[in-house]
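Each remark here refers to the structure printed beneath this line.
The values are calculated or read from the model by the stated rules, or taken from the named source; none is laboratory data. This one's a predicted model, so the numbers in the text were calculated from it and none came from an experiment. Counting neighbours? That spans all protein chains shown, and the Cβs are built from the backbone with ideal geometry, glycine included. Only protein heavy atoms, including side chains, enter the accessible area calculation; ligands, DNA and RNA are left aside. Shrake-Rupley method; radii C 1.70, N 1.55, O 1.52, S 1.80 Å.
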Amino acid sequence: MASIKLISTTTIQAPTHIPQKIHLTPWDLSSLQVEMNQKGLLFHNPQNPNDTSNQIQHLKNSLSSTLAFFPPLSGRLIIDNHGDDNNNNNASCFILCNNLGALFIHAKAENISVSDTLKPNYVPPIVHSFFPLNKVKNYEGTSKPLLAVQVTELVDGIFIGFSINHAVVDGKSFWHFINSWSEISRGFDQPSKLPTLNRWFLDDSIEIPIKFPFKIEENLKNTEIDENSLPLERIFHFTKEKIAKLKSKANEEANTDKISSLQALLTHIWRAVIRCHNIDLEEEIMYFLVIDARSRVVPQLSENYFGNVLQVGGVKVKAKELLVEGGFGKVAFEMNKMIGSYNGDTLKRNYENWVKNPSLFQGRLSNVKALATSSSPRFDVYGNDFGWGKPVGVRSGGANKSDGTITMFCGEEEGSIDVEVCLSYDVLEAMGNDPQFINIF
């Protein structure tokens, strides 16, 4: 049986730092109860697999240099509880950039190769062991590192697993940091895109720090998930040509040119799940999408804004609407319109409403009749060369996984997309054998 051997654990600090406090926005605070964001890169290792000491030390040194430009990731969260004499809970949270450091783990996977990790349709369970701080929730960043890296040596490769606190950064900022680290690892003096660290607060009417009326620990009493109950994860690959066919078909059916490639692909996946899940056609089903709002707020935020700028939107339809003639284009267009509705006014209203009535993301879906997509094929995954070549694969950890979770990555070849789908074995097998899904019309 494959096993993971721990070689060393190190705390990595920036070479210099200036102490500062960064207050969190509603976009940040809403992620406090979910688990850390986990993504990882798989590499072939052209160097001597029996002597990786220089390679590991180089990664530690370049990580330290990179943290100098990203001080929140070497800090900790501070949660202040301001309960009064009547025991009314009132808390606030901020990042203290105190350079306590990031966690760096060096490990070895006995008898596991690159192909063992990459080739199977179903993600091998041991891949979750390639990530540090499993099951750690973001609010635990008061005592746990906000960034943890695990470098796991394989027989013929290396897997670098990243766990980053989701109350500190979203997916776009996550990959901004990884892209920057890989640049510095290749010899850059500084990242090509410097992060914008200042958080965005709506206006002067918002009191800072923003307070929320509950104690985090009490709000999380019943949120633990049994690891053995997690669904399987299967990777489906879509070429640039197949995605183009989907986009063309969706726009043709909806008599528009507004439906994007990604919206068409997500609707295609949704239809396949409905066909293979044996759901009552009269059932109402939901699809949740994470929407990057950087370009949607007024005025627009920098593309290098380092934090969370996410909204979660949903589309609800009856199952039969996806399967009828013309339903593919109609539902894809509904998804397009939903995303488009998140304009400056909507974002301002949602921001104000959260301050008045704070709520936290649940992290995992509780409804089997819902799907939810995270991550994005627009993130630069395969450009992350740390000095020995580009990645040959990307995988996610077990954090925040549930039945119906879908994770999107760009594929290795230009324009392609890899889709990681979490569902039961029977449904995933049916999808894999569904010619409408695999072959595209």
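Counting heavy atoms of the protein chains alone, Lys330 has an accessible area of about 110 Å² for a 1.4 Å probe. Normalising the average separation of contacting C-alpha pairs (under 8 angstrom, six or more residues apart) by the number of residues puts the relative contact order of region 1-150 at 40 percent. With the simple spin-label model, which puts each label point 7 Å out from Cα in the Cβ direction, the Asn198 to Asp156 separation comes to 5.2 nm.
Peptide packing for 59-70, 115-126 was compared via the average number of neighbouring C-beta atoms within 10 Å per residue; ordered from the highest value, the list is 59-70, 115-126. By the helix-only formula, in which each DSSP H run with n ≥ 4 contributes -39500 (n - 2.57) and the sum is divided by residues, the chain has a 222 nm mean residue ellipticity of -8000 deg cm²/dmol. By DSSP, the beta bridges lying fully in the chain are antiparallel in about 80 percent of cases. The value of relative contact order for region 333-441, using C-alpha pairs under 8 Å at least six residues apart, is 21 percent. Based on C-alpha pairs under 8 angstrom that are at least 6 apart in sequence, the chain has a relative contact order of 22 percent.
Take 306-319, 394-407 and order them by the average number of nearby Cβ atoms within 10 Å per residue, most first; the result is 394-407, 306-319.
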